[in-house]
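Input: a single structure, listed below in structure tokens.
The values are calculated or read from the model by the stated rules, or taken from the named source; none is laboratory data. Worth saying up front: this structure is predicted, and the values here are computed from it rather than measured. Ideal geometry is used to build each Cβ from the backbone, glycine not excepted, and the neighbour counts take in all protein chains shown. Accessible surface areas use protein heavy atoms only, side chains included; no ligands, DNA or RNA. Shrake-Rupley method; radii C 1.70, N 1.55, O 1.52, S 1.80 Å.
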Amino acid sequence: MQRKVLITGGSGTLGYNLLRLLADDERYQVVAPVRDTQSAGVRALADKVQFIEHDLSDAIHTAQIFERVNPAIVVHCAASGLRPPRSSWFDLMQFNVVSTMRLFQMNCRLDQASHFIYVSTGLVYREQARPITEDDPIETLHPYGASKAASDAMLQAAAAEFKRRLTILRPFAFTGPHDGGRRLFPLILEAAVSGRQLGLTAGTQVRDFCSVRDIADGILRVMESKQGSGIEKFNLGSGLSQPLRNVIEQVCDQLQIRVDLAFGDLPMHPYEPHYSVANISHAERVLGWKPRTSLAYSVWELAREIAPSLNLRPPEREFGTL
């Protein structure tokens, strides 16, 4: 018997890759509310995913969707502020916190066995000079991270109060198919195509970059898990720590991307952590999850979509080869 799954954020990088992963999985009947049902990505999956035109800020329509779908699993990927252009500070908080709590309130009206999966972020944590575990404190002034941290904490309190099953996933940096906007690797590929110089920060910040396909697989592992009620939290990332400049240069070298990168031209965001790396041992132990796809391969997949004129050769796919 198929399980009904409601997935928000289906037009974003992670949500879309999750929809692609589930589209051919006969165990699930997937429903995805999106703002634009006419986009190319949505149309490509329209015969396998039930899309509903919807704005998550519409409380009445949100309630109607929950009543009609009655999902066994809710995966909340939608968020504002991660993929530029960004909302104003208060609009970002309004969407990421209020819309999230409204979804959870609707979920609490469902059967007690329903499972709410919240996609948070590694930016919620107080900075540590080592890979971060799920038990490290949540504390940040980063606007996007703060909005997700607020929802993260409120969801845990609500799940405990109403005895609901809640899983919080905290992915660190990722890229791959359907990445876009003004994010790092789409900008690098765009600069390579146009031949213009791309200004970047000095790249001394230490980062953990992962394939978006692997993050989507982590969500699937949670959906398949046989755990009962309660609250669970998992970090998802590569677990590798390198200065961002090294990450960029190694990917460009492996893919032979010719691009003029001006490191040091831009300042870091004042509240961006210098060290942001995931300890993924809990996800490995409990979910049997680990990254499988190299970062270079993920960027190559993205280049096939948005920069085919570069005609890049496929690199090694296996994780551990960057």
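Could you identify the single residue in Leu287, Leu322, Leu266, Leu255 that is among the aliphatic types (A, V, I, L, M) and at pLDDT below 95?
Working: Leu287 fails: at pLDDT below 95; Leu266 fails: at pLDDT below 95; Leu255 fails: at pLDDT below 95.
On inspection, the qualifying residue turns out to be Leu322.
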**Message:** List pairs: first residue in the range 302-322 and under 14 Å from Glu190 (Cα atoms), second residue among the aliphatic types (A, V, I, L, M) and surrounded by fewer than 17 Cβ atoms within 10 Å (Cβ to Cβ) anywhere in the structure, Cβ distance under 8 angstrom, at least six positions apart or on different chains.
**Reply:** Ala307/Val193; Ser309/Val193; Leu310/Val193
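Among the candidates Val49, Val75, Val69, which residue alone is open to solvent by less than 20 Å² (accessible area, probe 1.4 Å) and without any contact (Cβ under 8 Å) to a residue 40 or more places away in the chain? Write out each step before concluding.
Values: Val75 fails: without any contact (Cβ under 8 Å) to a residue 40 or more places away in the chain; Val69 fails: without any contact (Cβ under 8 Å) to a residue 40 or more places away in the chain.
On inspection, the qualifying residue turns out to be Val49.
Taking the criterion of being closer than 14 Å to Pro273 by Cβ, at pLDDT 95 or above and open to solvent by 20 Å² or more (accessible area, probe 1.4 Å), would at least one residue in the range 163-178 satisfy it?
Applying the first criterion (closer than 14 Å to Pro273 by Cβ) to the range 163-178 yields 170, 172-173.
If we keep only those that are at pLDDT 95 or above as well, we get 170, 172-173.
Subsequent filtering for residues that are open to solvent by 20 Å² or more (accessible area, probe 1.4 Å) retains 173.
Within the range 163-178 (the criterion being closer than 14 Å to Pro273 by Cβ, at pLDDT 95 or above and open to solvent by 20 Å² or more (accessible area, probe 1.4 Å)), the answer is yes, since at least one residue qualifies.
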**Complete:** Contact list, first residue from the range 246-258 and open to solvent by less than 60 Å² (accessible area, probe 1.4 Å), second anywhere and modelled with pLDDT under 95, beta-carbon distance below 6 Å, six or more apart or interchain, is none
**Message:** Quick check on the range 133-169: of everything there that is under 19 Å from the mean Cα position of the chain (by Cα), part of a helix (DSSP H, G or I) and charged (D, E, K, R), which residue is farthest from Met106 (Cα to Cα)?
**Reply:** Lys148
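Within the range 36-45, can you find the residues that are exposed (fewer than 14 other Cβ atoms within 10 Å of the Cβ) and either under 14 Å from Leu19 (Cβ atoms) or in contact (Cβ under 8 Å) with a residue 24 or more places away in the chain (or both)?
Hits for the range 36-45 are Asp36, Ala40, Arg43.
Listed here are the residues, each with its yes/no results for (1) more than 30 Å from Lys4 (Cβ to Cβ); (2) modelled with pLDDT under 95; (3) touching a Leu at 6+ places or on another chain (Cβ under 9 Å).
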| residue | (1), (2), (3) |
| --- | --- |
| Cys77 | no, no, yes |
| Arg83 | no, yes, no |
| Thr100 | no, no, yes |
| Phe104 | no, no, yes |
| Cys108 | no, yes, no |
| Ser120 | no, no, yes |
| Val124 | no, no, no |
| Gln128 | yes, no, no |
**Message:** It is to be established whether one or more residues within the range 287-301 are hydrophobic (A, V, I, L, M, F, W, C), open to solvent by 30 Å² or more (accessible area, probe 1.4 Å), at negative phi and touching a residue at least 24 places away in the same chain (Cβ under 8 Å).
**Reply:** no
**Asked** Only one of (1) touching a residue at least 24 places away in the same chain (Cβ under 8 Å); (2) of a type in the set (Ser, Thr, Tyr); (3) within 19 Å of Gly181 (Cβ to Cβ) is not met by Ser57, so which one is it?
**Response** (3)
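Hey, among the residues in the range 232-245 that are in a loop (DSSP other than H, G, I, E, B), touching a residue at least 40 places away in the same chain (Cβ under 8 Å) and not polar (S, T, N, Q), which one's surrounded by the fewest Cβ atoms within 10 Å (Cβ to Cβ)?
Keep residues of the range 232-245 that are in a loop (DSSP other than H, G, I, E, B), which gives 237-241.
Going one step further and asking which of them are touching a residue at least 40 places away in the same chain (Cβ under 8 Å), we end up with 237-239, 241.
From what is left, the residues that are not polar (S, T, N, Q) are 237, 239.
Numbers: Gly237: 28, Gly239: 20.
Result: Gly239.
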**Fill in**
Those residues of the range 199-231 which are crowded, with 20+ Cβ neighbours inside 10 Å, in a strand (DSSP E or B) and not hydroxyl-bearing (Ser, Thr, Tyr) amount to Arg207, Phe209, Cys210
